[in-house]
Amino acid sequence: MNPKRTAVVAVILALAVVLAAALIADVRKLQVALTAYPVWRMAVACALVLGNYTLRTLRFRLYLTALPLRLPWLEAWLTFVAGFVATVSPGKMGEVFKGYLLNRRRGTPVADVAVVVVAERFTDVVGLLLLGTLALLAPGTGPMGGAYRGALALIVLLCLGFLVAVVHPTLVPRVLQGVQPRLTKPWLQKVWAIIAKTHGLLRRLCAPRWLLPGLALAMAAWLLEAVAFHYVLQGVDPSVGFPIAMAIYAVATLVGAVSMLPGGVGTTEAVMIALLTARPLGLHLDLGTATLCTLLIRFATLWFGVGMGALALTALRFLPEIAPSPGAESPSVRVESPSVRAGPKA
C-alpha cells in the first residue's frame, strides 16, 4: 500500500463528499448552519472517537493472543490505528494493512491477522446491530423501527448463519473433505489448506471465550461513537433524544458497512441525512442543518481516523523493529479434521 496514494484518494473522496453535500443542501444554508454551530463540540466528539479506538485496540490485542501474539500496549494501539490510514483505499485495503504491518515487524502471517480482522468485523456488526435494536425498541423511534425491522432481521439471519457455519464442528470440515479429492493442481491444494487453516482459527475466535469479550468491547466502543453523534446533534437541537440518535447512527453505519464502498463513503452520509430529515421521526432538522451534522460526525469518525492513522503509522516507524523469523508460522491454528493440513510455507 502506498501511503501517498492513499492520502490522495482520501482527499479526493472527502472533497467529493463535501461538494455533493453542498450541492444537495445549498451552499448558503450550509454556511449559515456552520457559522452558528459551536464547533468546540467537535473536540469532545473526537475524544469519544479516540475512546472507541482504545476499546477496539483492547479487542484487537485480545484476539492476537489466539495466534498467539502478545503485543505491548503502545505497539498494539499504533498498529490498530495505523490501519485507518487505508480505510478509504479501494478494495478494503485497510482490512489487511494491519496484517502487513505485523508481518513486517513480527513475522506474523498476514492470513492469520486477516482472520482476526474478520472476527473483529463480525463483532462490530453484531454490536451495532444490538445497539440499533435496543434503540429502536425505545420510545420515540417507532416509525423508524417499523421501516428498518426487515433490514435488521435480514442482518440478524446473516450473522446467525455465519456463526453457525463457523462454530459447527463438522459442517465446514466435511465440505473441505468432499472437495479435496477433486483438487488435482498443487495451487488448488494450497488454497484448500489455507481455507482449512483459516476456518480453524476463525472457529477458535468465535468460541465464547473470545466472542463474548469481543462483543462486549464492540458494543462499548460503538456506544461511544453514538454518544459523539448525539453530542454533535445537540449542538443544533438540544431536544434530540439519545435513543433516536443511536438508532440513526447504527443504521447508517451498518448500511455503509454492507455497501462495501471504501469507508462507506456516500452511502453512510446519504442514509444519515435522509433519516435526520425524515418528518415521522420528529427531529425538525432542515436539510442544511442535517447535512452539517452528518459532515461533522463523519469528520470525527472517518476523516479524523484517517489522519490519526497517518500519525500512528509514522510513530510506528520509530519503535524498534523485531526481526521476523523466516518461515514463521502460527502454531495456534489447528485443523478440525486429520486430513486437513496446512502446507508448508514458501
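Derivation of every value follows stated rules applied to the coordinates shown; laboratory data play no part. Predicted, not measured: the structure shown is a model, and the values here were computed from it. With ideal geometry, Cβ positions are generated from the backbone for all residues, glycine too; neighbour counts draw on all protein chains shown.
Along the Cα→Cβ direction, 7 angstrom out, place labels at ALA47 and ARG28. What is the inter-label distance in nm?
Calculated label separation equals 3.8 nm.
Excluding LEU302 itself, what net charge comes from residues whose Cβ is under 12 Å from its Cβ, given Lys and Arg +1 and Asp and Glu -1?
Result for the local shell: -1.
Summing Lys, Arg as +1 and Asp, Glu as -1, what charge do residues with Cβ under 13 Å from the Cβ of THR35 carry, THR35 excluded?
+2
Per residue, what volume in Å³ does the convex hull of the Cα atoms of region 28-133 enclose?
Given the Cα convex hull of region 28-133, per-residue volume reads 147 Å³.
Multiply the residue separation of THR54 and ASP237 by 0.36 nm, subtract the distance between their alpha-carbon atoms, and state the gained length in nm to one decimal.
Here the answer is 63.0 nm.
Subtracting the Cα-Cα distance from 0.36 nm times the residue separation, let me have the gained length for LEU74 to TRP40 in nm, one decimal.
Taking LEU74 through TRP40 to full extension adds about 9.4 nm, to one decimal.
What does the charge add up to near LEU102, with Lys and Arg as +1, Asp and Glu as -1, over the other residues with Cβ less than 10 Å from its Cβ?
With Lys, Arg at +1 and Asp, Glu at -1, the neighbours total +2.
Please give the length that would be gained between SER259 and ARG279 if that part of the chain were fully extended, namely 0.36 nm times their separation in residues minus their C-alpha to C-alpha distance (nm, one decimal).
Result for the pair: 4.7 nm of gain on full extension.
How many nm separate the modelled label positions at ALA315 and ARG104, each set 7 Å beyond the Cα in the direction of the Cβ?
Calculated label separation equals 1.8 nm.
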